[in-house]
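Beneath this line is the structure, given in structure tokens, with notes to follow.
The values are calculated or read from the model by the stated rules, or taken from the named source; none is laboratory data. Predicted model only: the values in this text are computed from it and were never measured. Please note: Cβ atoms are built from the backbone with ideal geometry, for glycine as well, and neighbour counts cover all protein chains shown. Just so you know, the surface numbers come from the protein's heavy atoms only, side chains and all, with ligands and any DNA or RNA stripped out. Shrake-Rupley method; radii C 1.70, N 1.55, O 1.52, S 1.80 Å.
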Amino acid sequence: LVTFLALLLLCACAKEESVETTNAGETTEASTEETAPVTVTEKITLEDLKEYVIVRPSDTSEDIVTGGIQLRKELIAAFDAELTLKEDLFSETVQSLKIRECEILLGNCNRDETRQFMTGMKYNDYGYAMVGKKLVICGGSDEATLRALDAFLANVVKNQKGDVFFDGADILMVRGSYDIDTLTVQGNDLSQYVIVYPNRNDSAKMLAHTVRDRIAEVSGIILNVCADKENVSEKEILIGTTNRTDCKYTAQALNEGTYLIGADDRFICARGADGMGDYYAAYALIAALLENAQ
């Protein structure tokens, strides 16, 4: 396979200690950034808890599904609270699918409160907090969400006193450390990009998620992934031969058994002459982007 490489990279590597903090000023292991993505005064009493439902993402890993079941069992055992566990699907017209005012949101749920809590969150970051009347327990990845759940069970459920289940002032945010502190391509911060794959191309979709996960693991940057049927974003990483013809690398002819990776001021492209070429191109892109962090 022949590689055409035209990437300009500027990587600043940093391995930082992280600090785990709460509003009470307790410090354990971990963070260089301040906590508290939200400021709230809401609290949940044990009586209020009976009105809550537990919500998890509908499209998620078995670990998060199991985590939701575990959370429900722990709350039943500790407080005799028979909370319903449901998915984050919602509808304004179907009564059973309407969004409840009182929800415990586990993981990256399709809720505004979760999105607010996750603003600025990286891959290994995690925590919990009240956002309005909703209690959000979440991390930048499934693994981080499970760490948030473990912390919640230890700090809140197994340490509950009095008639208050959760005090809204008890915010936890843990910031992870990453091999790469900043990563730019052609002068653009990588966090500005969306990863795009050809619509209905499952192998390219898998490669796009592999690129996303690898970038997230090393830099903490969590990029969105979508098919090329979606509207064009300002900056995109193209995996496979997409319909983004504005990118000169998309139109470049490839002989059998070849692949290319390249970048201009708007697009980063990794594609091959066939599916195997796409595979090699995606992994060559990962190496080009992240090798300085190893």
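Just a few scattered comments:
Here's the yes/no breakdown for (1) touching a residue at least 60 places away in the same chain (Cβ under 8 Å); (2) touching a Phe, Trp or Tyr at 6+ places or on another chain (Cβ under 7 Å):
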position	(1), (2)
ALA148	no, yes
LYS158	yes, no
VAL164	yes, no
ASP170	yes, no
LEU190	yes, no
ILE195	no, no
ASN201	no, no
ALA204	yes, yes
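- Enumeration of residues in the range 140-173 that are in contact with a Gly (Cβ under 8 Å, 6 or more places away or on another chain) and under 30 Å from ALA287 (Cβ atoms): GLY140, ASP142, ALA144, THR145, LEU146, ARG147
- Of the residues making up the range 256-282, those that are more than 21 Å from SER233 (Cβ to Cβ) and free of Cβ contacts under 8 Å to residues at least 40 places away in the same chain are GLU256, ALA273, ASP274, MET276.
- Considering residues of the range 169-203 that are assigned to a strand (DSSP E or B) and open to solvent by 40 Å² or more (accessible area, probe 1.4 Å) only, the residue farthest from ALA273 (Cα to Cα): ASP181
- Residue count, the range 265-281 (criterion: more than 23 Å from ARG200 (Cβ to Cβ) and surrounded by 14 or more Cβ atoms within 10 Å (Cβ to Cβ)): 1
- Residue that is surrounded by the fewest Cβ atoms within 10 Å (Cβ to Cβ), among those in the range 204-242 that are assigned to a strand (DSSP E or B) and in contact with a Leu (Cβ under 8 Å, 6 or more places away or on another chain): ILE237
- Within the range 243-263, if we keep just the residues that are open to solvent by 20 Å² or more (accessible area, probe 1.4 Å) and either among the charged types (D, E, K, R) or in a strand (DSSP E or B) (or both), the residue that is farthest from GLY277 (Cα to Cα) turns out to be ASP246.
- Each residue in the range 264-294 was checked for being assigned to a loop (DSSP other than H, G, I, E, B) and not acidic (Asp, Glu), and 3 of them qualify.
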